[in-house]
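Colleague: There's a structure below that I have some questions on.
The values are calculated or read from the model by the stated rules, or taken from the named source; none is laboratory data. From a predicted model like this one, the values you see are computed outputs, not experimental measurements. Quick reminder, even Gly has a Cβ in these numbers, built from the backbone with ideal geometry, and neighbours come from all protein chains shown.
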Amino acid sequence: MPVDFLSEEQRRCYGQYPGEPTPDQLARYFHLDDTDRELIAARRGDHSRLGFALHLGTVRFLGTFLDDPAQAPPGVLRYLAGQLDIADPGCIEQYRASDNRWDHAAEIRQRFGYREFSQGTVQFRMTRWLYALCWTGTDRPSVLFDRATRWLVDQKVLLPGVSVLERLVSRLRRRVQERIWRTLGGGLTPESLARIENLLVVPPGGRTSLLDRLRNGPTLRSVPELVRAVRRLEEVRALGINLPLPAKVPQGRVLELARFASTAKVTAVERLPGERRAATLVAFVQTLEGNAKMMSWNFLRCC
C-alpha cells in the first residue's frame, strides 16, 4: 500500500479549522467553565485573554495550537469574546504579534495534561489500538487516519506531523495484511498450494479458468439452475483442497479477500505476490462451499 494515501483536502484540513464549528462543537470545546475563566483572568489585556482562550479551545477541538491565531474562524472569536465580555474580537491581531502566545501554549500543555506524540507510552497505546482496528475491520487508510486523529484529540495528545501519522497508519495496515496472508496460506501443504494455484489455469482446449467457472453461480430460480447449483457444489467438494482453519482471522477480512477473488479479473489475481495470491484463493475456496450450499438450499425451497 502506498504511504501517501491522503487527499489534498485531508492534508489541508489536518490540524486546521475546516470551517466554522457547529453550535454543538462551540458548546463542547469552546465553553469556558469557572476554572478556565480563573486562569484566563490572570492575563493582562483583552488581546491576551482572548488569545489564551483561543489556544485553550483550539487544542481541545483540533488537538494542536494554531501558528497564527488570526486564522481562527470569526465565529469562534465572537463566541469566546462574548463569554469574556470583550467588545472587539479583532484584538486577536495584537495577540498574534505577541511572544506571550508561545508561553501560553506551554502553560496550557502543562496545566491540562497534554502530551507529545513522541512519548513512548503514547505511541505504544496508539499503535496497539490502531493495530486492533486494522485487524478486525476493513476501513480504508484515509478512514483509519481520521479515526487515529480523533483518538489523539480525545486522549489529549498533541497531533504529530501529518506525514508521521500517515506513515504509521500505512505501516500498521501493511503489517496486518501480511499477517493475514501468512495465517491463511501458511498452513497449506505443497499439494494443496498446487491445487489452489490451478484455479487460475485455463485447461487445454478451454476458454475460462476454473476460478471463472466457479465464481459464476446460478442466479435464476428454475429447475435447470437448481441442477447447476447442485453440480457447482459437487465441483467445489471435488476440488479436494485441504485448507488451514481460518479461526484466527476475522471473518470480515476473509470475506474481503474472497470478494476480490470473486470480482477481479483472473489476470489481476495472477499478478498478486505469491503469499497474497495464495491467501486470496484460500479465502475464496473457504467461502465458496458455504455459498454453494446456501444457494442450493435456497433453490430447493423456491422450486
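Colleague: How many residues, within the stretch 108-130, are exposed (fewer than 13 other Cβ atoms within 10 Å of the Cβ) and either of a type in the set (D, E, K, R) or touching a strand residue (DSSP E or B) at 6+ places or on another chain (Cβ under 7 Å) (or both)?
Modeller: Residues in the stretch 108-130 being exposed (fewer than 13 other Cβ atoms within 10 Å of the Cβ) and either of a type in the set (D, E, K, R) or touching a strand residue (DSSP E or B) at 6+ places or on another chain (Cβ under 7 Å) (or both): 3 in total.
Colleague: Provide a single number: the residues in the stretch 1-34 that are on the phi > 0 side of the Ramachandran plot and polar (S, T, N, Q).
Modeller: So the answer is 0.
Colleague: Any chance the stretch 155-171 includes a residue that's among the acidic types (Asp, Glu) and under 15 Å from the mean Cα position of the chain (by Cα)?
Modeller: Checked against the condition, which is being among the acidic types (Asp, Glu) and under 15 Å from the mean Cα position of the chain (by Cα), the stretch 155-171 yields at least one hit.
Colleague: Sort through THR183, THR138 and tell me the only one that's in contact (Cβ under 8 Å) with a residue 40 or more places away in the chain, within 19 Å of ALA283 (Cα to Cα) and over 12 Å from the mean Cα position of the chain (by Cα).
Modeller: Result of the check over THR183, THR138: THR183.
Colleague: Further question: What about PHE284, is it modelled with pLDDT of 90 or more and either surrounded by 20 or more Cβ atoms within 10 Å (Cβ to Cβ) or closer than 18 Å to ILE196 by Cβ (or both)?
Modeller: no
Colleague: Please tell me if LEU54 is over 23 Å from LEU152 (Cβ atoms), in a helix (DSSP H, G or I), in contact with a Phe, Trp or Tyr (Cβ under 9 Å, 6 or more places away or on another chain) and not assigned by TED's automatic domain parsing to the domain that holds THR149.
Modeller: No; evaluated as a whole, the condition is false for this residue.
Colleague: For the stretch 1-42, please list each of the helices (runs of 4 or more DSSP H) lying entirely inside it that holds at least 1 residues being surrounded by 13 or more Cβ atoms within 10 Å (Cβ to Cβ) and touching a Ser or Thr at 6+ places or on another chain (Cβ under 7 Å).
Modeller: 8-13
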